[in-house]
Each structure stands twice: as structure tokens, then as C-alpha cells.
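Structure, as C-alpha cells:
The values are calculated or read from the model by the stated rules, or taken from the named source; none is laboratory data. Being a predicted model, the structure only gives us computed values, none of them experimental. Every residue, glycine among them, receives a Cβ derived from its backbone with ideal geometry; neighbour counts consider all protein chains shown. Calculation scope for accessible area: heavy atoms of the full protein, side chains included, ligands and nucleic acids excluded. Shrake-Rupley method; radii C 1.70, N 1.55, O 1.52, S 1.80 Å.
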Amino acid sequence: PKGHKLVLYVFALTFINMDNAIQSFELGPENEPQLLKQFKSFQRQYLTVYLAVMGADWIQGPYLYKLYNSYNLDLTQIAMLFLTGFVSGAFAGTAVGSLADTWYSMTIINNTYFTLIKRKKNPPKKGTLINNYALLFLSHVLSGLATALMYSVFESWYVSEHTSRGFPAEWRARTFALATLLNSVVAILAGLLANSLVDIWGFRAPYIASMGLICFVATMVVTTWTENYGSNESTNVDLLKTLKGGLSTMVKSKNIMVIGIAQTFFECAMYIFVLLYIPAIENATKGGDLPFGYLFSTMMVAVMVGSMTFQLFERQAKTGPRFFMECKEDKLLTMALGLASCAFMAMAYHGNSSTTILLMSYHLFEFTTGLYYPSISSLKAEEIPEETRAAVMTLLRIPMNLSVGIIMWHVEDMSTAMMFSICGIMTSVGCFLVIAFYGN
């Protein structure tokens, strides 16, 4: 298909640019050859596992809504499943995520359960919807726990290992940018693969493929990662004390609070977008059999471009023009939030009347996602103390999970345009807060 070839063409161009970015990093005058060699080996060790587990998650994304539709679930029922996952992430994920120094392998275990439970050989038949819905409910309880771990434990492990091995602190930002860029590549390939698998074997096929990736991740973690326990006392850590320590760190730092609020607003909007983008485009195009895997892949190209933009600014920050030197991570975060607000407002006010504007808005928002993740990760690595890092990063996800849950609880009471408007307001407020209060 022409769409397939276009995605691969854009992917090839961005991969060439990515290689140039890596080469410019390696040839930097400040890098000692031996230390750089050790760092690149460590970086590959981390990225292999990180990208594999993200691939297992991405491949489930393009057809999740359609899978649930095939189970005869409506938007409200699907939203309740999403709500279950966010509530689980806010509470159960907090308890486990704050003990990340000794529990990081739980991410793999719970992702495995999530995938296994969602893999069904047959769609629910009449009279069995309640039983199948109960299984899906359980799968989202586990997925909420797994997601809370996935977005805190891997990053915490990397930052801790990066520091303990004596690598320069400024190299962390480059790893986060590269991780976001390569994550976009994985997501693009996952979308193409998911589309092909669905064409051949149906909506359940991507979940079977995800199981294979999870097994690979488990093998790599056991054989290549060192066990990062933190301090010697961490195996007997007091959960309440750990959470209190993380909360105390947050309250004492204005910058961490601002970062937390910005993260809450952006990621809350992002997860609402994940729920709504397929029904919104189906409504705008009046239904039809749309190639959602290809759409997903082109949106991931936009994420990749956003990540490459971050890398461009990061490389030029020291020696480039004055404009680049002034655009540090907090300014790039502000840019991501501001552009995301514009994208959501366009979805809200023109989404029903113009499919072109809707698709352009989708891709603009995904561009901001590629800009957002390395920016926020770099700021968190800089601001959050090592001793409370895992607890703080897990606590920061609580308001986001609860906010998404509140909105999804009222999904049947609000139109799609209204929810996109709420997302636009949240991201614009986050943009203002970062401008007004971060670093001041």
C-alpha cells in the first residue's frame, strides 16, 4: 500500500538523521574514548530492555479500542476499563513502585499477566459478557500496576546505574533523547506489524506477539542487568517511611512540584487522547474500515521528529547560536505544553468538520510528545534526589491517574469536543505554570 511505503520512506530518512546525531555525540571533544566506550555499552544494555518492553506495549495500542468493540463493548464500558487501570496505577502501583530498588522485575511479571489475560481465543458470546468483562477488569488492574512500574522503575534503574558507574550527569539527557527517538522507531514498526497481524489473524494477534517480546525482556533482565538494591537496608524498607520521604522531598522543592503538575496535565491529556482518537476519527470519516496500524505508525513518526528536535536543541545548547543556548529543557517543556494545547483546541473546534485538520492535530500532538518525554525526564533527573527518586516519581503519577479517572468516569456525560477542550485547557495551564514558576 502507498501509506505503508510512505511510512517506511520517512522512517529511513529519520533513521539516517538519528545515526548522524549519534555520531556527533561520539565525536564530542569532551568525551574520553574509554569512558565513552563503557557508556555506549551500558546505554545499549539499558535500551535493549527498555525498547523491547515498550514494543510489547506499543504493539497492543493500535487495535485495543477495536478489540474491545469486537467484544460488543461501548465507549462507556471501555472507558471504565481504562478507569480501572488508572485507579490501580494510582494506588497499587504507588505501593510497589516506591519499593522499586528491589521490585523492578515485577514490571515484567505484571505485563505478562496483562497480556495473557487479554489474549482470548474467541470473542464473548451472548450471555457471557459479564464473565469476559470481569477478566478484562482484572487485566486492567494488573495493567495499571505494570504501567506505574514501567514509567518509574526503568528510568530509576538507569539513573541510579548511570550515577554509580561514574558517567557525566549531562549524558543522561542524551540517553533520554535517544531512548525517546528509538522508542518512536519501535512504535512505528509496532504499528506496521500490528496492522499486518490483524489483516492476517484478527484483532487478537498483536497480543500474542506481545507475549513473545515479554519473554525476551524477562530473559534479558535476568541475564544482563545488575540487581540495583539501593542501600543495604532497602530489603527491609518501610513502605510508609519511603512514601513520607518522597512526599517530603516534593513539598520542599518548588521545581519538583511544578514538574509534577506539568506532568499531570500533559499525561492526563495524553491518556484521554489515547481513548478518544479512534472514535473521533471514525466519527469524522463516518465509519469504515480504517488502517489504524498505519495511522498509528505515522503518528509515531511525528513523535520521532519531536525527539530529534530535542536532540538538535540539546546538541546546539553549548556551542550553537544564542537562540539554542537559551532553549534549555524547561523551555522545551514549555514549548511542548503550548503546542499540545493548540493541537487539542483544533481537535475540539474543527475535528468534526475537517478530517484533515483532525489528522494534522493528531500529528502535532504526537510531535509534542516526542519533545515532552526527554525534556521532563531530564528535568526530573536533575531535580529529584537519588535517595528518594523512585518514591517521588511514583507519587508524581498519583494525581495524573486520579485526574484521568475522574474525567473517564464522566465520559458519557461529555462530548468528544468537550473532552478535547479540557485537554487543551490543562496543557495551557501547565505551560503557564512552567513559565511562571520553574526556576524562579
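Which fully enclosed helices (runs of 4 or more DSSP H) of segment 328-413 have 2 or more residues being under 30 Å from LEU290 (Cα atoms)? Walk me through how you get there before you give the answer.
On the way: elements: 329-350, 355-383, 389-395, 397-409.
The qualifying helices (runs of 4 or more DSSP H) are 329-350, 355-383, 397-409.
Report the residue count in segment 163-200 for those that are among the hydrophobic types (A, V, I, L, M, F, W, C) and part of a loop (DSSP other than H, G, I, E, B).
Let us first name the residues in segment 163-200 that are among the hydrophobic types (A, V, I, L, M, F, W, C), namely 167, 169, 171, 173, 176-179, 181-182, 185-190, 192-194, 197-198, 200.
Narrowing the set further to residues that are part of a loop (DSSP other than H, G, I, E, B) leaves 167, 169.
Selection size over segment 163-200: 2.
If the requirement is being surrounded by 24 or more Cβ atoms within 10 Å (Cβ to Cβ) and over 18 Å from the mean Cα position of the chain (by Cα), which of these qualifies: ALA343, ALA390?
Values: ALA390 fails: over 18 Å from the mean Cα position of the chain (by Cα).
Unique residue meeting the criteria: ALA343.
Name the pairs whose Cβ atoms lie under 9 Å apart, with the first residue in segment 373-386 and under 22 Å from LEU182 (Cβ atoms), the second among the hydroxyl-bearing types (Ser, Thr, Tyr) and not in a helix (DSSP H, G or I), and 6 or more positions between them or separate chains?
Pairs found: LEU379/TYR438.
Of all residues in segment 201-221, which are within 16 Å of SER70 (Cα to Cα), assigned to a helix (DSSP H, G or I) and either open to solvent by 40 Å² or more (accessible area, probe 1.4 Å) or at pLDDT 85 or above (or both)?
Filtering segment 201-221 for residues within 16 Å of SER70 (Cα to Cα) gives 201-207.
Adding the requirement that they be assigned to a helix (DSSP H, G or I) leaves 201, 205-207.
Listed by number, the residues that qualify are TRP201, ALA205, PRO206.
Name the helices (runs of 4 or more DSSP H) wholly within segment 5-108 that hold at least 1 residues that are open to solvent by less than 10 Å² (accessible area, probe 1.4 Å), modelled with pLDDT of 70 or more and not aromatic (Phe, Trp, Tyr)? Please lay out each step first, then the result.
On the way: elements: 33-58, 64-70, 75-97, 100-103.
By residue number, 33-58, 64-70, 75-97.
Would you confirm, using the coordinates I've provided, whether PHE292 is at pLDDT below 85 and open to solvent by less than 10 Å² (accessible area, probe 1.4 Å)? Before the answer, list the steps.
Numbers: at pLDDT below 85: yes; open to solvent by less than 10 Å² (accessible area, probe 1.4 Å): yes.
The answer is yes for PHE292.
Among all residue pairs at least 6 apart or on different chains, which show Cβ distances below 7 Å where the first residue, located in segment 254-275, is touching a residue at least 60 places away in the same chain (Cβ under 8 Å) and acidic (Asp, Glu) and the second is open to solvent by less than 10 Å² (accessible area, probe 1.4 Å) and part of a helix (DSSP H, G or I)?
GLU267/MET400
Taking MET426 and the conditions (1) of a type in the set (A, V, I, L, M); (2) surrounded by fewer than 22 Cβ atoms within 10 Å (Cβ to Cβ); (3) closer than 14 Å to PHE265 by Cβ, which numbered condition does it fall short on, given that it satisfies the others?
Unmet for MET426, out of (1) of a type in the set (A, V, I, L, M); (2) surrounded by fewer than 22 Cβ atoms within 10 Å (Cβ to Cβ); (3) closer than 14 Å to PHE265 by Cβ: (2).
Could you list all residues from segment 403-421 that are surrounded by 17 or more Cβ atoms within 10 Å (Cβ to Cβ) and under 29 Å from SER253 (Cα atoms)?
Selection gives SER403, VAL404, GLY405, ILE407.
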